[in-house]
1. Taking the range 180-223 as the search range and keeping residues that are small (Gly, Ala, Ser) and in a helix (DSSP H, G or I), which one is nearest to Arg170 (Cα to Cα)?
2. Report yes if some residue within the range 135-151 is modelled with pLDDT of 75 or more, in contact with a Lys or Arg (Cβ under 9 Å, 6 or more places away or on another chain) and either in a helix (DSSP H, G or I) or surrounded by 18 or more Cβ atoms within 10 Å (Cβ to Cβ) (or both); otherwise report no.
3. May I ask you to list the residues in the range 297-314 that are surrounded by 16 or more Cβ atoms within 10 Å (Cβ to Cβ) and either in contact (Cβ under 8 Å) with a residue 24 or more places away in the chain or in contact with a Phe, Trp or Tyr (Cβ under 9 Å, 6 or more places away or on another chain) (or both)?
4. Looking at the range 549-571, I want the residues that are open to solvent by 30 Å² or more (accessible area, probe 1.4 Å) and have a partner that is at pLDDT below 85 and polar (S, T, N, Q) with Cβ atoms under 8 Å, at least 6 apart or on another chain. Which pairs are those?
5. If you go through the range 376-413 one residue at a time, how many are hydrophobic (A, V, I, L, M, F, W, C), out of contact with any Phe, Trp or Tyr (no Cβ under 8 Å at 6 or more places or on another chain), without any contact (Cβ under 8 Å) to a residue 60 or more places away in the chain and within 30 Å of Ile320 (Cα to Cα)?
6. Only one of these is closer than 28 Å to Ala306 by Cβ and either aromatic (Phe, Trp, Tyr) or touching a residue at least 60 places away in the same chain (Cβ under 8 Å) (or both): Leu466, Leu482. Name it.
7. Any idea which of Ile301, Ile307, Ile318 is among the β-branched types (Val, Ile, Thr), out of contact with any His (no Cβ under 9 Å at 6 or more places or on another chain) and closer than 18 Å to Val347 by Cα?
8. Please report, ordered by residue number, the helices (runs of 4 or more DSSP H) entirely within the range 365-471 with at least 3 residues that are polar (S, T, N, Q) and within 30 Å of Ile509 (Cα to Cα).
Amino acid sequence: MPMFFKNEEGKGQIETLPLLPLRDVVIFPYMVAPLFVGREKSIRALEEAMKKNKEIFLVAQRDAKTNDPSEKDIYEIGTIGTIVQMLRLPDGTVKVLVEGKKRARIHNYVPQKSYFLVEVEEVPEPDELGVETEALIRTLITSFENYVKLNKKIPSEVLVTVSSIEEAGRLSDTISSHLGFKLEDKQEILETLDSAERLEKIYEKIQAEVEILQIEKKIRSRVKKQMEKAQKEYYLTEQMRAIQKELGEKDDLKSELQEFEEKLKQKNLPEEAEEKVKKEIKKLKQMSPMSAEATVVRNYIDWLLAIPWTDEMTDDRIDIDEAHKILDEDHFGLEKPKERILEYLAVQALTSKIKGPILCFVGPPGVGKTSLAKSIARSMGRKFVRVSLGGVRDEAEIRGHRRTYIGAMPGKIIQGIKKAGTTNPVFLLDEIDKLGMDFRGDPASALLEALDPEQNNAFNDHYVELDYDLSNVLFITTANVLHTIPWALQDRMEIIRISGYTEDEKLEIAKKFLIPKQKDSHGLKDENLKLSDNAVLEVIRRYTREAGVRTLEREIATLCRKAARDIVKKGAGHTVKISPSVLQKQSYLGIPKFKYGEIEEKDHIGMSTGLAWTEVGGELLTIEVSVVPGKGNFTVTGKLGEVMQESTQAAMSYVRSRADKLGLERNFHQKVDVHIHVPEGATPKDGPSAGIAISTAIVSALIRKPVKHDLAMTGEITLRGRVLPIGGLKEKILAAHRGKVKTVIIPQENEKDLKEIRDNILKDIDVILVEHMDDVLEAAIISEDPVLQDIVIPPPTMTMGDEVGANVN
């Protein structure tokens with residue numbers, strides 16, 4: 001029998017009992033639990049308890065990993081329990097069923113080697129049932145009900161047992177025994193002796209657990225819905241397949257895979273591409289047909305099989321005479337690009353493999369750059385693809401998006417090749433000078449690889465991820481200006497300049513191409529509308545001012561519409577004849593928009609005519625200079641750019657340096673205000689080529705002698721009066737010819753550029769070549785005596801503050 005005696009304080013009985021240290025479990029009063037015991041000391045403690053009254057002290061050890069716990073490793077407060085049943089197992093362990101009775105605290109360890117023997121003191125538990133305690137009991141039962149509903153591990157019968165308990169202590173212990181808390185939390189509840197306080201702690205922990213379980217439930221519910229949706233889709237898909245099979249229809253996926261495999265057999269792909277397609281088909285077979293990844297793989301295989309590879313190319317038309325005939329049928333003039341294409345065909349006739357040239361047509365709008373590319377494709381018997389690059393800012397537009405992105409596609413080059421269906425189309429990259437650039441990359445840099453004959457045999461698109469041979473493609477690019485194209489890109493292209501058309505060329509283009517085209521589109525027959533050559537010239541001169549023929553075509557379309565209206569009114573047999581007089585009388589095109597011949601009708605002092613180059617061709621530029629008494633102010637107006645403003649300063653410095661020879665006082669500039677104006681004031685102007693025109697106008701204004709009105713000039717001036725070469729000479733000469741200018745002064749070094757201008761233009765214009773500004777003044781200013789006088793002036797005596805002008809010869 002166990003020993004009982006009063007403790008010194010008289011608070012409770014002290015009892016000597018064997019101790020069973022527990023791992024990861026806390027036994028509460030009123031709790032029945034099975035335990036598996038394997039440690040030798042614990043088994044002996046059980047045996048000792050069975051010999052007496054089956055009572056044993058059940059207490060948790062602090063660390064479950066400790067196999068041989070000491071006194072410090074065991075908690076102080078535990079539960080006195082009774083062994084209900086004990087069973088030895090074949091492996092030497094013992095299964096024991098224990099029931100907790102009451103709380104107790106270890107008073108003292110009794111020395112015992114074979115097992116733990118302790119003196120325990122029963123712990124009194126105050127259990128006063130008040131209003132607050134009653135409220136806590138009800139709240140805790142409600143909260144425990146919610147916990148049981150969410151935690152499926154606790155049987156629902158436990159709720160019946162819990163609901164029938166009225167004592168606060170017993171309720172807290174019963175509920176605690178069913179909660180899945182940590183060991184430390186359960187031990188804390190066991191050591192809380194006040195029942196009301198114990199109820200509060202259990203309630204707090206249950207509420208925290210309920211919140212966690214609710215979130216887990218939401219997650220499970222969401223996952224379950226997704227699973228159910230996927231299972232439903234799979235089930236419905238399988239049902240559809242079964243129905244299709246019963247109806248004799250093909251299995252979509254199998255038929256699609258079979259179609260891919262058949263295409264792969266028929267297509268002659270490079271080894272790397274073939275391996276890639278086989279790998280992707282194998283991957284697709286293992287995927288669910290409804291998955292998002294399957295769609296990506298399916299699209300990728302589709303693209304690889306749709307792109308033309310290796311031997312999918314058209315045969316070039318090697319007949320040079322036939323190709324020349326087709327080019328002439330479609331376009332009048334444009335000899336340089338036609339000659340380059342015929343050279344390419346001739347070389348191809350002599351060699352089996354030639355790298356496709358990269359041509360760049362540069363010229364004003366409306367001169368036929370884009371239509372010429374179509375004509376080239378027709379003359380060579382190749383497919384034609386056009387891609388507009390105007391406004392393109394994203395590098396991926398050229399090289400494609402990577403397949404990881406939703407909606408990824410190859411770039412415009414691979415898309416164009418697929419559209420053509422051959423590996424050697426004529427590929428037009430239109431408006432290459434209007435490419436943009438932003439944070440998404442530089443498309444012009446992405447084109448460097450595609451437009452390099454040395455690299456484009458292994459062009460790599462981000463989407464395709466395979467090397468693609470573009471060396472057979474004839475790339476043609478078009479641009480209005482070159483300065484916006486990066487230099488590295490210009491270096492990879494063969495630049496062919498296409499200048500504006502002359503009046504004669506526009507007349508021929510109108511007669512051969514534009515008028516027949518517009519008659520056909522307006523439903524007119526040849527006998528319905530008769531346009532005389534003079535009428536067409538009148539339209540060209542007074543209703544258009546352009547380097548190309550777009551506006552001319554629109555004006556001809558207007559005449560066709562007017563004629564169609566008259567024919568509908570007066571009958572199908574009516575003929576509309578348009579001559580210059582009829583054109584003006586009936587105002588078919590309204591009031592003339594331009595004066596034919598921009599040059600002044602009279603000679604003027606302080607006014608000269610310059611020649612300017614613009615993106616739409618050449619233009620006549622009027623320079624006006626006004627000299628008034630003043631204090632040496634120098635004013636420049638007309639929205640001039642920085643370079644042109646510097647040209648005015650250089651021109652003024654030259655005039656000051658020639659003051660003696662011009663018959664001017666050496667300090668004339670301090671007594672007058674010079675104002676230079678270049679109409680039209682709202683149009684921006686820049687460049688150095690108006691230098692000699694500005695100098696001529698300044699000299700004319702200062703010496704009060706007029707400049708020839710039918711003379712125009714272009715050239716850059718230096719401080720020493722040298723005339724430097726300029727660009728865009730052909731366009732400028734054409735502008736002078738349009739304006740009925742009789743004489744044009746150009747730099748001596750530009751003599752070589754005259755070869756590009758047609759003879760019928762040059763025969764109407766007297767071209768004067770100059771090297772120095774002195775020659776320009778003698779040719780441009782009307783004077784009975786030489787403009788520059790050879791006056792010998794003694795050298796001045798130099799004093800502080802004197803200004804000496806440079807006498808340049």
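The values are calculated or read from the model by the stated rules, or taken from the named source; none is laboratory data. This is a predicted model, so every value here is computed, not measured. Here the Cβ positions follow ideal geometry from the backbone for every residue, glycine too, while neighbour counts run over all protein chains shown. Surface accessibility is based on the protein's heavy atoms, side chains included, excluding ligands, DNA and RNA. Shrake-Rupley method; radii C 1.70, N 1.55, O 1.52, S 1.80 Å.
1. Ser195
2. Yes, the conditions are met somewhere in the range 135-151.
3. At the first step, the residues of the range 297-314 found to be surrounded by 16 or more Cβ atoms within 10 Å (Cβ to Cβ) are 297-298, 300-301, 303-305, 307-309, 313-314.
Arg298, Tyr300, Ile301, Trp303, Leu304, Leu305, Ile307, Pro308, Trp309, Met313, Thr314, listed by residue number.
4. Thr551/Thr544
5. So the count comes out to 1.
6. Leu466
7. Ile318
8. On the way: elements: 369-380, 396-399, 412-420, 443-450.
In the range 365-471, the matching helices (runs of 4 or more DSSP H) lie at 369-380.
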